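A.B. asks: This is the structure I want to talk about, given as structure tokens.
Derivation of every value follows stated rules applied to the coordinates shown; laboratory data play no part. Everything numeric in this text was worked out from a predicted model, so none of it was measured. Note that each Cβ is placed from the backbone with ideal geometry, even for glycine, and that neighbours are counted across all protein chains shown.
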């Protein structure tokens, strides 16, 4: 039967997905309380602004204080029992102090800001934990173990031991790391190595837990305990890296403690000391509360957040999801970039790049024969060949007697002629090794493999009729993105890939990368990032697969490609390129650098205002309304300054990589 490829798409097999176990956002108490506080604040604000009676908006603001402030307040009190004072408790006290002197709106806004921040942090932590646990679902819960007598026994994978022999049927996942002792198949191990094509496995080849077997049955001897498999080590590495605190975070925590203690001590001194020398108690309380307001870090918080949140919103409108303000700030600090290959620099889908006919056939005739033979196959190479024929609007000849041999290729009778398509090594015929056709096809195979292509031989009537080159394609914007990242950081990006060295080197030359590290397993990628960071670099890692997750977690900042990215990579990464547009990576780095400059500007403004008002209050007699006006005025100024990054012009300038 003939078919026209423009009408019928080739068959395909959806990749097996690991089940997802998501923590519901509303199941987190931080999210529930923050949401309720936000709703109450939104209801109270318009009533307050239009001058409604206090008995109308008062209970709503009181609800904001209770719902948004009780949890950080309670945690702060528990910290006090351990002789530690944190800023969350200080903010609750400052909010209550503001309410005590009539500034109810200021206190409520402060409560909402901190409650929302805590909820977002809790959600991010829970989602990452879910994703790490979900990775373990890649490894099956049970495996088929063979006894000494050949009998089969289904056992839990955690009961497997080194030396056990497993039977892995077509379409099943491997329950443990091991080595093939019998059989041949193609194994999809993209979750571990990132290779875009299934890898042929035969006796003596290594296989990994969690990878997906193709169409052949394999016997595998277990070589590692399930708790020490590559998948298990990826989970451990991600968890360890996620729990590590950055030096900046540790520094901020030290500053928080000192600032909190100093502010509390100063407030108490202002309330206690003057009355001891005869001053009026009410005046002392008013001065202490004024100090609490003007010295509170509200302006500092808003000095930092608006530029970063504006940059996050702007990046989000253009397809870049940055998960937090901390991440947006860290993006501007990177000075070295490491890139994954498959699915990051490339499109992640194999394509026919070369058609080399022999034996008097034209390119279209060779491709039509190969596509007809491959049409019933589910292999990614088959889909690439059929897709290339479809692109040329070729009509396929009739096919019969289709046979697929795992690890070898396919064979069929096409228009009455026997056609075989597959690996050069597997299709080699010892009787014709020295024939002219064999020598010619061997030259083509060597040339294509030297260019990093996967060579596929097409035989017609038992004689080589041509060779097809298969490769993953570089993204159109990849070269420009690589050059822009090099210009921004002052150092050329590094390519980290699990693919073979020849394919990696060829693609790196196309992309303009000279530092290539190929054949890396997940822990090797993480080690490479660690080495770069040990040399003093702050590394940005861009990847998309499960195999990139440890490196994403280890890097100073990680970005995942969104469309084809694995669940773990998307959750582990600090930012996600939603539309897989690689040129947005240098743009968001440039935007982050501008946001950091605005943060510095705002901190200077906030510090000048706070310092001036505090000195006035301590050295003179700062009127409360003037103190509130100065405090809120500085907040408005830094807020408006930060909102400058919301404009489309800010993104366009970032895309041009201008020093803004």
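A.B. asks: Estimate the FRET efficiency between residue 264 and residue 227 by the formula 1/(1 + (r/R0)^6), using the beta-carbon distance for r and 56 Å for R0, to the nearest 0.05.
C.D. replies: Taking R0 as 56 Å, the efficiency between residue 264 and residue 227 is 0.70.
A.B. asks: Let me check I have the definition right: for segment 140-228, take the eigenvalues of the Cα gyration tensor, multiply each by 5, take square roots. What are those semi-axes in whole Å, largest first?
C.D. replies: 19, 14, 11
A.B. asks: Let me know the volume per residue of the alpha-carbon convex hull for segment 349-473, in Å³.
C.D. replies: 96 Å³
A.B. asks: Among 35-41, 396-402, what's the highest-first ranking by average C-beta atoms within 10 angstrom per residue?
C.D. replies: Final packing ranking: 35-41, 396-402.
A.B. asks: Please tell me the relative contact order of segment 286-414 in percent, rounded to the nearest whole number, where contacts are Cα pairs under 8 Å and at least six residues apart.
C.D. replies: Computed over segment 286-414, the figure is 15 percent.
A.B. asks: Measuring from label point to label point, each 7 Å out along Cα→Cβ, what is the residue 83 to residue 376 span in nm?
C.D. replies: Inter-label distance under the simple model: 8.0 nm.
A.B. asks: Assuming R0 = 56 Å, what is the FRET efficiency of residue 535 and residue 285, from their Cβ-Cβ distance, to the nearest 0.05?
C.D. replies: Approximately 0.50, to the nearest 0.05.
A.B. asks: Here's a follow-up. Taking every pair of Cα atoms in segment 474-633, average 1/r, invert it to obtain the Kirkwood radius, and report Rg/Rh to two decimals.
C.D. replies: Rg/Rh: 1.21.
A.B. asks: Give me the one-decimal nm value for the distance between modelled label points at residue 510 and residue 159, 7 Å along each residue's Cα-to-Cβ direction.
C.D. replies: 4.9 nm
A.B. asks: Further question: For Cα pairs less than 8 Å apart in space and 6+ apart in sequence, what is the mean separation divided by the residue count of segment 349-473, i.e. the relative contact order in percent?
C.D. replies: RCO, segment 349-473: 32 percent.
A.B. asks: Also: Between residue 425 and residue 317, how high is the FRET efficiency from 1/(1 + (r/R0)^6) when r is the Cβ-Cβ distance and R₀ = 56 Å? Nearest 0.05.
C.D. replies: Between residue 425 and residue 317 the formula returns 0.65.
A.B. asks: How far apart, in nanometres, would the label points at residue 203 and residue 502 be if each is projected 7 angstrom from Cα along the Cα-to-Cβ direction?
C.D. replies: 2.6 nm
A.B. asks: Normalised by the number of residues in segment 361-405, what is the relative contact order in percent for Cα pairs under 8 Å and 6+ residues apart?
C.D. replies: 45 percent
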